[in-house]
1. Tally up the carbon and sulfur contribution to the accessible surface of the chain as a whole percent, 1.4 Å probe, everything protein left in place.
2. State the extension gain, in nm to one decimal, for the chain segment bounded by residue 63 and residue 99, taking 0.36 nm per residue of separation less the distance between their alpha-carbons.
3. Given the rule -39500 (n - 2.57) for each run of at least 4 DSSP H residues, summed and divided by the residues of the chain, what is its mean residue ellipticity at 222 nm, to the nearest 500 deg cm²/dmol?
4. Order the following by accessible area, largest value first: 11, 50, 101, 79. Probe radius 1.4 Å; ligands, DNA and RNA are ignored.
5. For the chain, take the alpha-carbon Rg, divide it by the Kirkwood Rh, and send me Rg/Rh.
6. Arrange the peptides 103-109, 63-69 so that the one whose residues have, on average, the most other Cβ atoms within 10 Å appears first.
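The values are calculated or read from the model by the stated rules, or taken from the named source; none is laboratory data. Quick caveat, the model's predicted, so the values are computed rather than measured. A quick note on method: Cβ atoms are made from the backbone with ideal geometry, for glycine too, and the neighbour counts reach across all protein chains shown. The area values use the complete protein model at the heavy-atom level, side chains included, leaving out ligands, DNA and RNA. Shrake-Rupley method; radii C 1.70, N 1.55, O 1.52, S 1.80 Å.
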Amino acid sequence: MGDTLYERLGEKPGITVLVDRIIDLHLQNPVVGPRFQHADVDRGRAMAKEFFVAGSGGPEPYTGRSMPEAHRGMNISEEEFLAVVDDMMAAMDQLGYDQRERDEVLAIAYSLKGDIIRQ
Ligand code: HEM
């Protein structure tokens, strides 16, 4: 496999499957599922795919809102943030990604914490 995280995630087809799995887990997760009841989940899936593509070194830009803008007014807690990150790691585990890729996604996700919680 190539060396960018984008390539190692399986490029767009891999990221599409991964993001769909992550969001399916969020919807079933009692800690964060209720947050998505009134959200536009189709847009969320599309934007999260773009975000993963752009954030992992892929060729296409992210056209969605900034992380503070997207989560403003939600007052997301640390517990909710951790639940979302746990779903990302569970999805990667289920789909057979290696530790290296899991660690890189974890580091990127964690780096966004201050832009997402308590906005
Ligand atoms: C690293 C963690 C996270 C990332 C990378 C992330 C990423 C995103 C992205 C890309 C969007 C779409 C923005 C747009 O529509 O322009 C979004 C929307 C959303 N996120 Fe997050 N998010 C994270 C954590 C969370 C957490 C912890 C929650 C709450 C429990 C959450 C709840 C939502 C909701 C409800 C929306 C839809 C908002 C709306 O429809 O207006 N996110 N997120």
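1. 54
2. Difference between extended and current length: 10.0 nm.
3. Working: 7 runs with 76 residues, N = 119.
-19500 deg cm²/dmol, from helical runs alone.
4. Ranking 11, 50, 101, 79 by accessible area, largest first, yields 79, 11, 50, 101.
5. Details: Rg = 13.6 Å, Rh = 14.5 Å.
Ratio of gyration radius to Kirkwood radius for the chain: 0.93.
6. Packing proxy ranking, top to bottom: 103-109, 63-69.
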